[in-house]
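Every number in this text was worked out from the coordinates using simple rules, so none of it is lab data. Everything numeric in this text was worked out from a predicted model, so none of it was measured. We place every Cβ from the backbone using ideal geometry, glycine too, and count neighbours over all the protein chains shown.
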Amino acid sequence: MGFVDKLREAFGRPPAKEVAKKRLQLILRYDRAGLPPNAVEAVKEAILKALEDFPFIDTKGVNIHIPEGDSEQGKIEIEVPVKNK
């Protein structure tokens, strides 16, 4: 492990190769799902806009995920948190 890797580890940053690997995996998931690269962001923006009408929804915590498995192909999972009182 090099000096730069030790610094990144100390500051909590993943190595550049890990970041690149995750980005490539994300691109491959979009491609396998037949989605253009900006489709998930467009879906997320539309959902957030629709959810703004509900005061009990925490729109900052909305998470959109494309599952990795072949059996999950064609799915987009959306996690919508509810605000605590």
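A simple spin-label model places the labels of ALA16 and TYR30 2.2 nm from each other, with each point 7 Å out along Cα-to-Cβ. In the structure displayed, which of LYS17/LYS60; LYS21/LYS60; LYS44/LYS75; LYS22/LYS75; LYS22/LYS44; LYS22/LYS49 lie more than 23 Å apart, Cα to Cα? Long pairs (Cα-Cα over 23 Å): LYS17/LYS60; LYS21/LYS60; LYS22/LYS49.
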